[in-house]
Amino acid sequence: MIGPAERILWQGRPGGNARPDVSRPGQIVIGAGFVAVSLFWMDQAMARGPIWLAGLPFLAIGLRLVLWRVWGPRLRAKMAHYTLTDRRALTELRWPLVGSRWQAVEIGPATMVEPSGDPMTLTLQNRSAPPLLFERLDEGPEVLALIRQIQRARAGDPA
């Protein structure tokens, strides 16, 4: 994924203190409702043959709304690997069964870089490309300084 002329400046991973995300309680409540109603409906429908299987998609949706909302950030942190080169920022998510998923953003003078939180999360975005996140970086200020240095170099500013 890294070009022959690219030079790796930094590699890292998210900090290990990812907490369960309960920032959207409405989504969790709706998901729990999906789970409860689908389980009740499936239980009642079992006496009528295989029609109870129609409740499985709703059960899956409810479980996803509850479990992924709460535990997704923690799982994502375990799978994420970050790389910063002299040209791009890259994230790799190494999912078991699915394989690696890469995302890259070319770093230039127009690249928007937004730091937030503690530990620092960096959001990088170019025009229409989806934003790239370096989440919960313990060495966030150093990585931000490297990105700013790359931006200056790509703009032709030697400082």
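When ranked by the protection proxy of mean other Cβ atoms within 10 Å per residue, highest first, what sequence do the peptides 64-72, 37-45 form?
Those peptides, ordered most packed to least, come out 64-72, 37-45.
Using a basic spin-label model with each label point 7 Å from the Cα along Cα→Cβ, how many nm lie between TRP52 and TRP102?
Inter-label distance under the simple model: 4.7 nm.
For ARG74, what charge total do you get from the other residues with a beta carbon under 10 Å from its beta carbon, if Lys and Arg give +1 and Asp and Glu give -1?
Net of charged neighbours comes to +2.
Where a ≥ b ≥ c are the square roots of the eigenvalues of the C-alpha gyration tensor, would you call the range 85-155 rounded, which needs a/c under 1.5, or, failing that, prolate if a/b is larger than b/c, or oblate?
oblate
If packing is taken as the mean number of other Cβ atoms within 10 Å per residue, what is the order of 93-99, 146-152, 49-55, 80-86, highest first?
The packing order, highest mean first, is 80-86, 146-152, 49-55, 93-99.
Can you give me the distance in nm between label points at ARG13 and ARG74, each placed 7 Å from the Cα along the Cα-to-Cβ direction?
Once both label points are built, they end up 1.6 nm from each other.
How high is the FRET efficiency between GLN151 and TRP95 when r is their beta carbon distance and R₀ equals 25 Å, given to the nearest 0.05?
0.20
Just from its helices, what would the mean residue ellipticity at 222 nm be for the chain, if runs of 4 or more DSSP H residues each count -39500 (n - 2.57) and the sum is divided by every residue, rounded to the nearest 500 deg cm²/dmol?
Helix contribution divided over all residues of the chain: -11500 deg cm²/dmol.
Taking the Cα atoms of the chain, what is the range of coordinates along each of the three principal axes, in descending order and whole Å?
Sorted largest first, the three principal extents are 75, 32, 28 Å.
Which residues make up the longest stretch of the chain clear of GluC sites (Glu not before Pro) that lie in a DSSP loop with no more than 15 other Cβ atoms within 10 Å, not counting the sites?
7-138
Computed from the coordinates by the stated procedures, all read-outs in this text should not be read as laboratory data. Fair warning: this is a prediction, and the values are worked out from it, not measured in the lab. Virtual Cβ from ideal backbone geometry, glycine too; neighbours counted across all protein chains shown.
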